[in-house]
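The values are calculated or read from the model by the stated rules, or taken from the named source; none is laboratory data. Quick caveat, the model's predicted, so the values are computed rather than measured. Neighbour counts run over all protein chains shown; Cβ positions are idealised from the backbone, glycine included.
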Amino acid sequence: MDHRGQLALYEHIVHLQILLWKLLLLKSGKIKVGDMLNTRKKLVKEKGAAPTELDQEVAKALFDIEVSPSCDIKADLKDVYISGAKDVEVKHGVAMVVHFPFRVWKTVKKIQGRLIRELEKKFTRKHVVLVANRTILDKNFRRKGLKVRPRSRTLTAVHESILEDLVGPTEIVGKRTRISVDGSKLMKVLLDPKDKDKENIESKLPAFAAVYKKLTNKEFLRVIADGLELPGSAKLESMNVDEKGAAPTELDQEVAKALFDIEVSPSCDIKADLKDVYISGAKDVEVKHGVAMVVHFPFRVWKTVKKIQGRLIRELEKKFTRKHVVLVANRTILDKNFRRKGLKVRPRSRTLTAVHESILEDLVGPTEIVGKRTRISVDGSKLMKVLLDPKDKDKENIESKLPAFAAVYKKLTNKEEKGAAPTELDQEVAKALFDIEVSPSCDIKADLKDVYISGAKDVEVKHGVAMVVHFPFRVWKTVKKIQGRLIRELEKKFTRKHVVLVANRTILDKNFRRKGLKVRPRSRTLTAVHESILEDLVGPTEIVGKRTRISVDGSKLMKVLLDPKDKDKENIESKLPAFAAVYKKLTNKEAQFMFPTA
């Protein structure tokens with residue numbers, strides 16, 4: 001049998017299956033013969049697929065509307081038929097999407113509003129949405145007589161048309177695309193606020209979003225252009241970007257109510273400023289030993305909020321006890337390929353870097369930032385140190401919030417900020433340094449006067465623990481002079497631990513550029529920093545040689561030869577496994593430390 005014969009046989013089998021299915025429905029009594037004939041006129045499935053029960057119900061409903069004596073759209077419905085229907089689950093209900101062939105959509109468009117009302121009478125408790133079938137052609141499309149792919153067949157154009165179909169007959173008066181700080185996109189669709197059926201449309205907004213998500217896999221936020229109020233207080237903006245179109249959460253409502261209570265309080269001294277202030281959302285962020293509540297404000301009211309930020313935080317913390325309150329403005333990030341009429345260049349304030357800087361200032365407000373440092377650790381990870389004003393009046397309260405600032409900044413920007421309180425080990429090492437300095441029998445107290453640490457950590461080694469103490473590079477020259485004696489003093493304080501002293505160094509990448517420096521200093525390269533760490537680890541012992549072995553599997557092992565004439569050789573030999581473990585931890589490189597044999 002040739003190809004045409006196989007195709008004809010396949011079509012014959014499909015028609016027989018459809019006929020058998022209809023006969024079974026007739027036998028079961030679910031449909032009548034007259035209904036089947038009428039339904040057939042109003043339903044044309046594509047590609048010979050068997051109609052579903054919902055398809056049959058919608059087709060029958062269309063026919064019933066057409067033959068109804070009181071129907072004023074029967075003339076338009078004469079040549080209208082559907083290609084399918086499906087249910088989409090939405091919050092608190094179901095939306096029914098009815099698909100029409102594109103060739104009859106022009107007629108459907110004229111009667112869209114009335115047809116939706118008639119269908120919703122037939123299908124109670126369902127939101128009805130009418131959509132036309134459209135074909136998307138790919139970029140490599142070629143057809144005889146068409147040299148260029150029509151724009152109406154592109155993915156973007158089809159998604160725009162689906163959006164117009166969904167909300168019809170209501171008109172779209174504006175669209176905005178927001179890029180949040182995590183890079184995700186959200187489209188705001190502004191509907192005509194003068195629409196006669198505004199109240200009914202408001203109840204359908206969640207259905208529009210769910211159906212659009214189902215058909216295009218894109219998020220959009222549906223709002224009425226004049227600022228539709230969602231259930232709750234007037235202090236909550238309906239255009240909630242962070243919640244991606246969802247109804248306000250319980251926390252949103254609580255914060256909005258708290259703002260209103262603060263405003264109407266007789267003893268409140270910021271009520272005049274709070275008059276036009278409202279929020280766009282709120283969320284809780286888990287932090288160490290508590291919870292931080294982040295309250296988002298639209299950027300248009302942030303200037304007012306900034307004036308009263310400190311007092312507003314105090315008032316909100318009275319309402320929400322056991323929570324650290326942080327206020328942040330919503331900002332829009334524009335991508336590099338941004339183009340807008342009248343703007344040739346993307347404003348710097350809309351770049352990712354600028355928005356993250358602004359979030360940082362919002363977080364710590366009203367405290368001022370007096371300095372920032374970015375550290376690149378030996379493993380390549382970046383850490384930003386944020387220095388706050390030490391003269392701030394509310395310094396004690398802010399110190400308790402430092403972990404909250406770090407956690408919220410990490411959550412909003414996916415970046416690390418060094419705002420956490422010192423660890424218990426940091427405190428112990430700092431106290432030990434102070435005790436050594438004030439000890440009467442100490443012979444290095446003069447050198448220890450200006451020495452301080454930046455941190456300490458424990459590293460597990462074979463048969464013990466090594467404690468790595470980090471010093472800022474600016475004090476390392478002083479530490480280097482007394483390294484051996486300082487290690488001995490610290491090992492007296494921390495028994496059963498091998499103490500290792502290391503300086504903090506910054507690694508600059510290859511594309512580094514700084515005013516006044518045309519070339520990256522060699523001391524800031526990854527190789528140079530790793531070499532310096534090696535010298536710090538074994539200090540005050542000197543390195544007399546290094547050998548790198550490459551094994552057959554390609555892995556590298558560095559042999560480090562230490563000075564065999566060192567006075568403290570016996571003590572150092574017990575520390576060799578600790579040196580290897582710490583070097584591996586700091587640089588992710590293997591090394592073997594040894595004294596050369598005679």
Test: residue in segment 229-237 that is modelled with pLDDT of 85 or more, outside the structural domain of residue 412 (by TED's automatic domain parsing), buried (at least 18 other Cβ atoms within 10 Å of the Cβ) and closer than 30 Å to residue 258 by Cβ
no
For a quick check of your reading of the model, give me the residue pairs whose first member lies in segment 344-368 and is free of Cβ contacts under 8 Å to residues at least 12 places away in the same chain and closer than 17 Å to residue 409 by Cα, whose second is exposed (fewer than 15 other Cβ atoms within 10 Å of the Cβ) and charged (D, E, K, R), with beta-carbon atoms closer than 7 Å and at least 6 apart or on different chains.
354/348
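Mind counting the residues in segment 264-289 that are outside any loop (DSSP other than H, G, I, E, B) and without any contact (Cβ under 8 Å) to a residue 24 or more places away in the chain?
Matching residues across segment 264-289 total 3.
State yes or no: is residue 462 touching a helix residue (DSSP H, G or I) at 6+ places or on another chain (Cβ under 7 Å), of a type in the set (Lys, Arg) and modelled with pLDDT under 90?
yes
Okay, residues lined up against (1) in a helix (DSSP H, G or I); (2) in contact with a Leu (Cβ under 6 Å, 6 or more places away or on another chain); (3) of a type in the set (Lys, Arg):
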{"residue": "291", "(1), (2), (3)": "no, no, no"}
{"residue": "310", "(1), (2), (3)": "yes, no, no"}
{"residue": "321", "(1), (2), (3)": "no, no, no"}
{"residue": "346", "(1), (2), (3)": "no, yes, yes"}
Considering every residue within segment 74-82, establish whether at least one is without any contact (Cβ under 8 Å) to a residue 40 or more places away in the chain and hydroxyl-bearing (Ser, Thr, Tyr).
no
Among the residues of segment 450-469, are any among the basic types (Lys, Arg), farther than 15 Å from residue 579 by Cα and in the same structural domain as residue 570 (by TED's automatic domain parsing)?
no
Exactly one condition in (1) without any contact (Cβ under 8 Å) to a residue 12 or more places away in the chain; (2) in the same structural domain as residue 370 (by TED's automatic domain parsing); (3) surrounded by 12 or more Cβ atoms within 10 Å (Cβ to Cβ) is not met by residue 398; state its number.
(1)
Index of the failed condition, residue 478 passing every other in (1) modelled with pLDDT of 90 or more; (2) within 39 Å of the chain's Cα centre (by Cα):
(2)
Taking the stated definitions as given, is residue 214 at pLDDT 85 or above, charged (D, E, K, R) and in contact with a His (Cβ under 7 Å, 6 or more places away or on another chain)?
no
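Yes or no, residue by residue, for (1) among the β-branched types (Val, Ile, Thr); (2) at positive phi:
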{"site": "92", "(1), (2)": "no, yes"}
{"site": "101", "(1), (2)": "no, no"}
{"site": "107", "(1), (2)": "yes, no"}
{"site": "111", "(1), (2)": "yes, no"}
{"site": "130", "(1), (2)": "no, no"}
{"site": "134", "(1), (2)": "no, no"}
